[in-house]
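Before any comments, here is the structure.
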Amino acid sequence: MSIATNNIAFNVDEIRKDFPILNREVNGYPLVYFDNAATSQTPKQVMDAIVDYYSNYNANIHRGVHSLSQEATDKYEGARRKIQQHFNAEKAHEIIFTSGTTHGINLVASGFASILKKGDEILVSALEHHSNIVPWQMLCEKTGAILKVIPMNEQGELIYESFEELLSEKTKMVFLNHVSNALGTINPIKKIIDKAHEKGAAVLIDGAQAAPHIKADVQALDVDFYVVSAHKMCGPTGVGILYGKEEWLNKLPPYQGGGEMIATVSFEKTSYAELPHKFEAGTPNICGGIAFGAAIDYMNRIGFEAIARYEDELLDYATLKLQEIEGMKLYGTSREKTAVISFNIEGLHPYDIGTLVDKMGIAVRTGHHCAQPIMDFYKIPGTVRASFSFYNTKEEIDRFIEAVKKAKSMLS
Amino acid sequence: MSKTIQEIQEEIVDEFAMFDDWMQRYEYMIELGKALPLIDEKYKIDENLIKGCQSKVWVHAELKDEKLVFTADSDAIITKGIVAILIRAFSNHHPSAIIEADTKFIDDIGLKEHLSPTRANGLVSMIKQLKMYAVAYQTQLK
Ligand SMILES: Cc1ncc(COP(=O)(O)O)c(C=O)c1O
């Protein structure tokens, strides 16, 4: 990784002007927002899209013959196509709008209830967001399938050899995240997808943490399902997508019944609508979908390569600086990681550090980050997690380091 | 004649009023946390854990001469400071006095205002737990 290869096209001062929230104060200090892995901030361009929708063409979609409805439908479907292009899906109807990553995972897991038989196996990684393990546990209870866990090593990386050992003809589904939310580890998903396919298993990748940093190409990855949330990539909350290969989406039963998802209805028989509507029951988050499209446009204008390069610089800088603090212990030290630093200081509780740095205007996350199995692995109650975005700066990192030092001296 | 809960609360409010900024307040809370008498290890069990806090908080209650005595601990020092304040106000009183006690002093010392929702919830859970103990022991006294 190269440090300080200043990318000329990338002007962080200009970018920061797009994010009004970065100007606010918290507890009397200018806000430093380092909780990007929980949710990202929203640029003006995305807010404009939201205001534009409600000001100019708010209407229900796919139903009305009137012009507003047409316009809203066009914009919504336009957003779907933007997202399709962004993830390089072959077909637009392989993009299903959801309320977010969690919804996407549940949709697939519940669909697999009609596919799995007793004794079939599902592999999940030890790096998962624990709320996302629950749908698979529920699926196993329902079907008699068996859940197996791919273990991790001290660096916070999945042990590939163990995955190979666990994988067998019985494996029907492999579920893991592209990037771990607690540690930032980038998993070798291509290698895992290819290997899983050799045994005929489907692969669902949770791209929630990867999407803000890495442009995934679902065709090149040959992934069966890929899920993301808009709110982690400059979009609004409550909207996301599920990408699924057409053949898989046709195989899965609908998730919810309601309007939009049917073709014809009678009390004897209802026939389901074509993709993607089969999975989009009810009036969707129209504005959210359109704003998601605007967020994707925004990030692509900056460029994912430039974003990754700049964030790597921030990560290297912060890692170096933090390690100068005595008693510092970093968790998740894979060479392949996004701009997330999880740490503890010897003898101090992460909650105490988080509380005090917040008093100094700095937003970080403390706790188990919904990844209790990882915390159990390291035998810790939690960590302090700082997660950076392309609108953060080295000056903010300096302030953060000072705040951590001050908290440490207050607590020791 | 020992002080009433009300009087102790006023004392605490006065102490906190002497500080000009959050730094001093938190430094004081950290000090209080460090000074909190240790709880007997045998009471640091799951049954004594208070839910709703990001850090672990154990509270043990015991009746001594018709007065309820609390001991507590936490794995986080600021939380321990908050617990220390609560114990100072509520411990060593008759259960009925604890049940009736007002908790407005939390606002008055600027604690609630300075605690985020998750932490404030922890604080609320702590107070609720102390009062629940009081209710439980109250019935024993009758
Ligand atoms: C890896 C990962 N998966 C899933 C989720 C859940 O996303 P959402 O709450 O938007 O459904 C998160 C968010 O915290 C995450 O980090």
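Numerical summary
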item	result
Residues of the range A:219-254 classified as away from the ligand (no atom under 16 Å from the Cβ) and touching a residue at least 40 places away in the same chain (Cβ under 8 Å), total	10
Test: residue in the range B:27-41 that is more than 18 Å from the chain's Cα centre (by Cα) and within 14 Å of chain A (Cβ to nearest Cβ)	no
Counted residues, the range A:259-270 - those being surrounded by 12 or more Cβ atoms within 10 Å (Cβ to Cβ) and either in a loop (DSSP other than H, G, I, E, B) or of a type in the set (Ser, Thr, Tyr) (or both)	4
Test: residue in the range A:187-207 that is in contact with a Gly (Cβ under 8 Å, 6 or more places away or on another chain) and polar (S, T, N, Q)	no
Flag if A:THR102 is within 15 Å of the ligand (Cβ to nearest atom), touching a residue at least 12 places away in the same chain (Cβ under 8 Å) and surrounded by 23 or more Cβ atoms within 10 Å (Cβ to Cβ)	no
Residue within the range A:44-58 that is over 27 Å from A:GLU280 (Cα atoms) and more than 14 Å from every other protein chain (Cβ to nearest Cβ) present	yes
Scope the range A:197-249; condition assigned to a loop (DSSP other than H, G, I, E, B) and in contact with a Pro (Cβ under 9 Å, 6 or more places away or on another chain); matching residues	A:MET233, A:CYS234, A:VAL239
Residue match in the range A:294-310 (condition: more than 14 Å from A:GLU77 (Cα to Cα) and part of a loop (DSSP other than H, G, I, E, B))	yes
Meets criteria (among the small types (Gly, Ala, Ser) and either surrounded by fewer than 24 Cβ atoms within 10 Å (Cβ to Cβ) or more than 11 Å from the ligand (Cβ to nearest atom) (or both)) for A:ALA196	yes
Out of A:TYR317, A:TYR351, A:TYR378, A:TYR391, sole residue that is among the hydroxyl-bearing types (Ser, Thr, Tyr), away from chain B (no Cβ under 13 Å), farther than 21 Å from A:GLY156 by Cα and away from the ligand (no atom under 16 Å from the Cβ)	A:TYR391
Which listed residue is within 14 Å of chain B (Cβ to nearest Cβ), of a type outside the set (Lys, Arg) and buried (at least 21 other Cβ atoms within 10 Å of the Cβ), from A:VAL340, A:VAL364	A:VAL364
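The numbers here are math on the coordinates, done by the rules we state, and not lab data. Bear in mind that the values here come from a model prediction, so they are computed numbers and not experimental data. Positions of Cβ are backbone-derived with ideal geometry, glycine not excepted, and every protein chain shown enters the neighbour counts.
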